[in-house]
Amino acid sequence: MKRPLHPLTLWIWALLTAIGVVSLDSTRVALIFMGVAVLLVKVRADGSPWNATFSWSLRIAIFIITIRAIVGVLIGVPIPGTELFRIPILELPSWMPGIRIGGAVTAERLSSSLHEGIIIAAMIVLFGAASALTSPHKLLRVLPFFIYEVGITLVIAASVFPQLVQSLKRIRKAQRLRGIEKIGLRTLALPLLEEALSRSLQLAESMDSRGYGVSRKRSRYRPSPWSKRDSVVAIISIVASGFMVAQ
Amino acid sequence: MIKFSNVSLIYPQSTKTILEDLSCEIEEGEMVLVMGHTGSGKSSLLRLINGLVPHHTGGILAGDITVDGISTRAVKPGALAHLVGIVGQNPVNGFVTDIVEEELAFGMEALNFPADVMRKRVEEVLDLLSLNAIRDRSISTLSGGEQQRVAIAAALVMHPKVLVLDEPTSALDPIAAEEVLSVLHRLVHDLSVTVIIAEHRLERVIQFVDRIILIEGDGETSIGSADEILQRADLVPPIIRLARALNLSEIGLSVREVRRLTTDLRENVVAHPEQHNSLNKNVIEVDSLALAYNKKEALKKVSTQVQAGEIVALMGRNGAGKSSLLETIVGVSGPDSGSVLVNGVDPATLRGRDRRTAIGYVPQEPSDLLYLQSVKQECESADKENEIALGATFEFLNRLVPNISENTHPHDLSEGQRLALVLSIVLSSNPKVLVLDEPTRGLDYQAKALFSLALKEFAQKFNSPVLLATHDVELVAELADRVIFLAEGEIVADGRTLEVLLSSPAFAPQVAKVMSPQPWLTVDDVISALDVK
C-alpha cells in the first residue's frame with residue numbers, strides 16, 4: 001500500500017498550483033500541470049471508489065474547453081489578425097453595441113478562446129485530482145468538529161446518490177421485462193422514492209444505534225499526522241507557485 | 001441480561017397487536033431464536049431491545065424492557081450502543097463509511113474512545129471474524145457473506161453484551177451462512193455474548209439455539225426450549241416434519257440426533273423408485289454464452305437447454321454468475337458471444353407485450369414492478385394490459401393467498417403476499433417461460449409451500465419451463481426437477497436434483513443428510529418410499 005499523505009497536502013498543492021497557473025496565464029504551463037495531475041492520479045490511485053471521480057473531472061474539463069471555444073468563435077469582440085473563415089453576422093439591435101454574433105473568425109480569436117478554456121479546465125483537473133485522491137471521509141476527519149458534523153451529513157447524502165442510480169437501473173430493467181417500455185414519472189418515481197426513503201431510515205437507525213451523536217466529543221481512529229513528506233510537498237508547491245506569481 | 005416485563009406493543013393506525021403482555025428474562029450467554037410468520041413482528045421485538053422501537057418508529061409501548069439494568073424507555077438507542085450491537089436485515093443499508101476499517105471504527109469514534117483502544121479492538125475483531133485480508137477494501141466491492149461479517153464485526157467491536165441479528169443468513173449461500181453461524185456460536189460459547197436472532201430458515205440455526213420465542217401473530221407469544229416450542233409450532237424445519245411424519249417418540253434438532261432415531265428405517269427400505277422424465281422439446285437453448293463486466297468474466301462459454309414443463313434451479317455461491325445468466329436469458333443484457341434462444345427467438349429483440357408473453361420475470365425485489373396505489377389497481381392494470389377478463393388477476397391472487405383486502409397498498413403487504421401479487425401479475429400475461437431471481441427471501445415455510453405449489457401447477461398446466469435462481473436448498477429439493485450448479489461463471493454440475501444435491505454435503509437438504517445413504521430429499525420422498533414398502 002502507498003504511504004498516505006496528510007489529507008490536506010494534496011488540496012494545498014492543488015490550491016497553490018491553481019493560483020500559480022492563473023497568475024502566470026500560460027497555456028503551456030496549464031497543459032503541463034494538467035498532465036502532472038493525470039500522472040499523479042495514475043500513480044497514487046489506491047482503488048478507493050473516489051478514484052473514479054477523476055475521469056468525470058477530465059470529462060468536465062474537455063466539455064468546458066469545447067464550449068468556451070464554440071462560444072468564443074460565435075460571440076464576442078472581434079480580434080484582428082489572420083482570418084481563418086467567415087460565418088454570417090447576425091444583426092443585433094442598435095442598443096446592444098460592442099457585441100457581435102458571427103463574423104470573421106481569426107486564428108487569434110480562436111486561440112485566445114482556447115487559452116481561456118484551458119486555464120479554467122486546469123483548475124477543474126487540479127482540484128479533481130485532489131478530491132479523487134483524498135477520500136472525503138479522511139478530509140473531514142482533519143477538519144474542525146463543527147464542520148465534521150455538517151460534513152458527514154453531506155458525505156452520506158452524496159453516497160446515497162450512486163445507490164439511487166443503481167436502484168434506478170434495476171427498477172427500469174425489471175419494468176422493461178414486464179413490458180413497460182415507456183419511462184413514466186409515476187412508474188419510476190414511486191418505487192425509487194420508496195426505496196430511497198426506507199434506505200435513509202435504515203441508515204439513520206444504524207447510526208443512532210451505533211451511538212452517533214451521543215458524545216459531544218468525537219475521537220479519531222488512526223489520526224493522520226503531518227509528516228516530513230507533507231512538508232516537502234507543501235514547500236515545493238509554495239516555491240513553485242510563488243515563482244509563477246512573480247513571473 | 002435482558003428483561004421484558006409485561007411488554008405490549010401496538011402501532012398507531014393498525015388494529016393488530018404485535019405483542020401483548022410479554023414477560024421473560026434472557027440470561028447472559030444465551031442464544032435465543034425469535035420465530036414467527038412473515039410480518040408477525042419479529043423485527044419489532046428485536047428492535048425493542050435497544051429502543052429503536054418505539055424511539056425511532058413510533059408505536060405505543062406498555063411495560064418495560066431493561067438491558068443490563070438500563071430501561072430502554074429512559075434512554076435513546078445511542079446510549080445503549082456500548083451494550084447492544086444490532087445488525088439489520090440488510091447490512092448494506094446500514095454502512096456509514098466506505099472502507100472496512102473505518103466502518104469498524106465508526107461506533108467507537110462516536111463514543112469518543114481513545115485512539116489506542118480503537119486500534120487494539122479493531123485488530124482483535126479483524127482476527128475474530130477473519131477480515132484481516134479485506135481490511136482496506138471498499139465495502140461496496142465485498143460479497144454478501146463478507147458484508148454480513150463486516151456488519152457483525154462493526155457491532156462486536158464495541159464489546160456489546162448483547163448482539164441482535166435480524167435474518168443474518170437470508171441473503172447468503174449455504175456455505176457463507178454456515179460461516180456466519182459458526183462465528184455466532186463461538187461468540188456465545190467463548191465470550192458469553194447474549195445473542196438474539198430472528199431467522200426464517202430454521203434448518204440453518206435450530207441446532208445452535210438455547211431457547212425460542214415464538215410470536216403467534218395475534219399478540220400471543222410463547223417462550224421455551226427449542227424442543228418444547230417445536231413440538232407444537234406450525235412453522236418447523238424439515239427434520240421436525242420428518243420426525244412428525246414418522247411418528248417418532250421424540251424430535252431431534254440436529255441431523256445427528258435424528259439419524260440416531262431412524263437407524264432401523266434407513267436399513268430396511270428399498271431404494272427410491274426412479275422417475276424418468278420423458279424427452280421434451282427444448283424451450284430455452286443457451287449456446288456457448290460468454291459475458292464480461294469490466295474485464296471480469298461473469299459467464300464463460302455456458303451451454304445448456306431447458307425443456308418444456310421442466311423446473312430448473314440455478315444454484316451457486318454469491319457472485320457465481322446466476323443473475324448474469326438469468327438476465328441474458330430474459331434478454332436484458334446482450335451476450336458478448338454465444339447465443340440464447342427462447343422458443344426459437346432471441347429474447348433481446350423482444351419489446352413490450354411480446355416480451356411479456358414470451359417470458360415472465362420475477363425480479364429479486366418484487367416491489368420493483370409495483371407502482372400503483374392498491375392491490376386492486378395493480379390487478380386491474382394487469383387485466384387491461386393483457387386484455388383478459390376484468391378481475392381475473394385478482395381471482396388468481398386470491399386463490400394463491402386468500403383474504404387479501406383489495407384496497408391494501410402493495411407496500412403494506414407482507415413479503416409473501418407481495419411475492420404472490422407480483423407472481424399473479426406476471427402470470428396474467430400467460431408467459432411461455434417463467435424466470436425468477438431468488439424468490440423466497442424472507443418467506444416462512446407456509447408461504448414457501450404455497451409458492452412452490454403455484455409454480456408446480458404452472459409448469460404442469462401449460463407445460464412451460466420454470467427457471468429460478470436460489471440459495472434455498474430445501475426449496476430446490478421440494479420443487480426442482482433439475483439443478484444447474486454454477487461456479488466462477490461455469491457450469492460445474494447439471495443433472496437431476498437428486499444427483500446434484502446428494503453429491504455435495506454443503507448443498508444437501510436436511511432430510512437427505514438424515515437419510516443418507518438412501519437417496520431421499522424430502523419428507524414426502526421418505527413417506528412415499530415407506531408406503532411402497
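Values as computed for the structure displayed
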quantity	calculated
Under-5 Å amide H pairs with B:ALA298, H placed in peptide plane, nonlocal only	B:LEU291, B:ALA292, B:TYR293
Residue order, fewest to most surrounding Cβ atoms within 10 angstrom, among A:TRP11, A:TRP95, B:TRP520, A:TRP56	A:TRP95, A:TRP56, A:TRP11, B:TRP520
Label-point gap, in nm, between B:LYS384 and A:GLU91 - each point 7 angstrom along Cα→Cβ	5.4
Selected from A:SER135, A:SER215, A:SER112 as most flexible by GNM, with chain A as the system and alpha-carbon contacts under 10 Å	A:SER215
Mean separation of Cα contacts under 8 Å (6+ apart) over length of chain B, as relative contact order %	15
23 Å Cα-Cα threshold exceeded, pairs from B:LYS3/B:LYS76; A:LYS217/B:LYS3; A:LYS173/B:LYS432; B:LYS300/B:LYS322; B:LYS281/B:LYS513	A:LYS217/B:LYS3; B:LYS281/B:LYS513
With eigenvalues of the C-alpha gyration tensor scaled by 5 and rooted, chain A, Å	41, 32, 16
Net charge of Cβ neighbours under 13 Å - reference B:PRO91; Lys, Arg +1; Asp, Glu -1	-2
In nm, spacing of pseudo-spin labels at B:ASP210 and B:ASN430 (7 Å Cα→C-beta vector)	5.9
Viscosity 1.002 mPa s, 20 °C: Kirkwood-radius Stokes-Einstein D of segment B:381-472 over Cα pairs, µm²/s	156
Segment B:450-533: C-alpha gyration tensor shape, a/c 1.5 cut-off, then a/b vs b/c	oblate
Overall dimensions of segment B:79-210 by Cα: Rg and Dmax, Å	13.9, 42
Axial C-alpha extent at least 30 Å, average Kyte-Doolittle at least 1.6 - helices from chain A (DSSP)	A:53-74
Simple label model, 7 Å out from Cα along Cβ direction - B:GLU488 to A:VAL43, nm	3.6
Alpha-carbon centroids, segment B:350-405 and segment B:185-229: separation in whole Å	37
Cα gyration tensor shape of segment B:159-200, rounded if a/c is under 1.5, else prolate or oblate by comparing a/b with b/c	oblate
Alpha-carbon centroids, segment B:500-532 and segment B:280-315: separation in whole Å	27
Viscosity 1.306 mPa s, temperature 10 °C, Stokes-Einstein D of chain B from Kirkwood C-alpha radius, µm²/s	64
Ranked B:TYR361, B:TYR11, criterion: other C-beta atoms within 10 Å, fewest first	B:TYR11, B:TYR361
Calculated over the protein assembly as shown: convex hull of Cα atoms, volume per residue (Å³)	216
Interchain or long-range residues, amide H under 5 Å from B:GLY334's placed H	none
Footprinting exposure proxy for B:CYS379, B:CYS24 (fewest neighbouring C-beta atoms within 10 Å first)	B:CYS24, B:CYS379
Per-selection Rg to Rh, segment B:474-516 - Cα, Kirkwood hydrodynamic radius	0.97
Calculated FRET efficiency for the pair B:ALA348/A:ILE183, C-beta based, R₀ 25 Å, to 0.05	0.85
Local electrostatic count at B:VAL345 - Lys and Arg +1, Asp and Glu -1, tallied over other residues with Cβ under 15 Å	+2
Interchain or long-range residues, amide H under 5 Å from B:ILE213's placed H	B:LEU33, B:VAL34, B:MET35
Ellipticity estimate at 222 nm from DSSP helix runs (n ≥ 4, -39,500 (n - 2.57)) divided over chain B, nearest 500	-10500 deg cm²/dmol
Cα centroid separation - segment A:1-44 against segment B:446-466, whole Å	62
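Every number in this text was worked out from the coordinates using simple rules, so none of it is lab data. Fair warning: this is a prediction, and the values are worked out from it, not measured in the lab. Using ideal geometry, Cβ is built from the backbone for each residue, glycine included, and neighbour counts are taken over all protein chains shown.
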